[in-house]
1. Out of (1) more than 7 Å from chain B (Cβ to nearest Cβ); (2) under 33 Å from the mean Cα position of the chain (by Cα); (3) crowded, with 16+ Cβ neighbours inside 10 Å; (4) not in a helix (DSSP H, G or I), the odd one out for residue A:72 is which?
2. Of the residues A:332, A:296, A:360, only one is surrounded by fewer than 12 Cβ atoms within 10 Å (Cβ to Cβ) and either out of contact with any helix residue (DSSP H, G or I) (no Cβ under 6 Å at 6 or more places or on another chain) or modelled with pLDDT under 70 (or both); which?
3. Are any residues in the range A:98-125 part of a helix (DSSP H, G or I) and within 8 Å of another protein chain (Cβ to nearest Cβ), and if so, which ones?
4. Applying the selection to the range A:14-40, what residues are more than 17 Å from residue A:87 (Cβ to Cβ) and touching a strand residue (DSSP E or B) at 6+ places or on another chain (Cβ under 7 Å)?
5. Pull up the range A:126-150, narrow it to residues that are buried (at least 16 other Cβ atoms within 10 Å of the Cβ) and in contact (Cβ under 8 Å) with a residue 40 or more places away in the chain, then point me to the one that is farthest from the other protein chains (Cβ to nearest Cβ).
6. Restricted to the range A:40-55, and to residues that are at the interface with chain B (Cβ under 10 Å from one of its Cβ atoms) and closer than 14 Å to residue A:91 by Cβ, which residue is farthest from the chain's Cα centre (by Cα)?
7. Taking the range B:62-82, which residues are surrounded by fewer than 19 Cβ atoms within 10 Å (Cβ to Cβ) and farther than 30 Å from residue A:380 by Cα?
């Protein structure tokens, strides 16, 4: 099953290749379609057991093939639990013939979604959703159901309109969504590739900004964390090669980036040699300068050594300037390659957002060891600041909308004049 | 790599959205249709929160707050409408409002209820008259 997730996303044009790559999604959608079709209420229902079995099978397939959460930590367990409860609640809501029980199933969906919100560092939204959805909206729905339908289930609840076409439409949409998702965000390898490329590019940009002439300081920026002391230019080269194979038509920017990286690698190596030569030259000079009791001084050797040293230094400076140019080229090129890889759906870098709403869209967020982005502490406070700085107009508009909705609800639902009682 | 990455939440959001879509398209109870629409909103909100977590900023969460506000408005208006409609037809069945369809469309008629043979009433069981019911013998003791 993991074989599929790690498959390379090369552009497909034929049906067979598509089927080979996306068969888990298609099987999941087919089983889910069967489950929903069997479960939707109708006058003569299919046996409930078959529908429930198909639904559970679809959920297990989705958990095994589509979701990809490792290692098994508390968060993983909670995620699977809440996600399973949410989907289960949704299925129960579809299948219920009794409106009150369907509303309760919807409350279950809302509560599990709130659990997922909490896992995603949104405690205020969790509380707000529980209060507003599960508290207010579901209770109001139940009120209306009880007001309007004292006699329990009606014939409208026993029937559905076009169950086959409706579930077909839904699951075709789901299959399309999942295929696009897996095409662009491959969970295991590609997301790692993206993250690595992202962090590497940031490091390149930082190295290009360093105002120094020493190779050591540049090298400090170009170190990989897991391999101590080694530069990661080779890793980036392999990453760029995979990127190049994934971009339709090769991608000129990826080719150029590859060339720049190759040149940079050779420059780095020759810089190291030059530095080594300079060091040995200096050592020899020092040796010659020392008064020795056995051999005679040879001033002409010292002069040639000094001249060599000057040449070496000139070469070093020249190569260093070259390295600088390559370093400055890498980041913009890499960003363009990433945009080609993952689409250019990026917000403008100069969007008028204050720092209260988090980082500007052009910057990569700081991530911790596990790759999770840092969130602002004090969720409620940060959310309030963001709302009342960047989204103030939107807040006012939402308030106006609520007011209008209240007035509208009163106007629509208000009893027509039936005389005084 | 974090244990539960972004795409997991996107998948769950997509599944919730699609379940809500199917419910909205196929259920005939007005209230259940609106509940399904709310479930679609939940799927979208899950997506936005997951993206906010992924990007490490609060814009997605702010959007979800506005979604909640709009959902509250929608619920208020929808329930008022449902009540108004219920008053006219005395049912929550949306198929009763087929007269607002396009003039050249055929009305959708319910399939007939499956014709089941009428269940036979069991004959009433009358006790036989003139017979003494069996009863345990009273213990008699004659000396």
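1. (3)
2. Being surrounded by fewer than 12 Cβ atoms within 10 Å (Cβ to Cβ) and either out of contact with any helix residue (DSSP H, G or I) (no Cβ under 6 Å at 6 or more places or on another chain) or modelled with pLDDT under 70 (or both) holds for just one of A:332, A:296, A:360, which is A:296.
3. Our first condition is that a residue be part of a helix (DSSP H, G or I); within the range A:98-125, this holds for A:99-119, A:123-125.
Scanning the range A:98-125 gives A:99, A:102, A:103, A:106, A:109, A:110, A:113, A:116, A:117, A:119, A:124, A:125.
4. Listed by number, the list is empty, since nothing qualifies.
5. Looking at residues that are buried (at least 16 other Cβ atoms within 10 Å of the Cβ) and in contact (Cβ under 8 Å) with a residue 40 or more places away in the chain, I get A:142.
6. Our first condition is that a residue be at the interface with chain B (Cβ under 10 Å from one of its Cβ atoms); within the range A:40-55, this holds for A:40-44.
The next check asks that each one be closer than 14 Å to residue A:91 by Cβ; those that pass are A:40-41.
Details: A:40: 35, A:41: 38 Å.
Checking each candidate, the answer is A:41.
7. Matches in the range B:62-82: B:81 only.
Each row is one residue, and each column tells you yes or no for (1) touching a helix residue (DSSP H, G or I) at 6+ places or on another chain (Cβ under 8 Å); (2) buried (at least 19 other Cβ atoms within 10 Å of the Cβ); (3) facing another protein chain (nearest Cβ under 8 Å); (4) at pLDDT below 90.
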site	(1), (2), (3), (4)
B:12	yes, yes, yes, no
B:26	yes, yes, yes, no
B:35	yes, yes, yes, no
B:52	yes, yes, yes, yes
B:60	yes, yes, no, yes
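The values are calculated or read from the model by the stated rules, or taken from the named source; none is laboratory data. Quantities reported herein were computed from a predicted structural model and do not represent experimental measurements. Don't worry about glycine lacking a Cβ; one is built from the backbone with ideal geometry, like all the others, and counts go over all protein chains shown.
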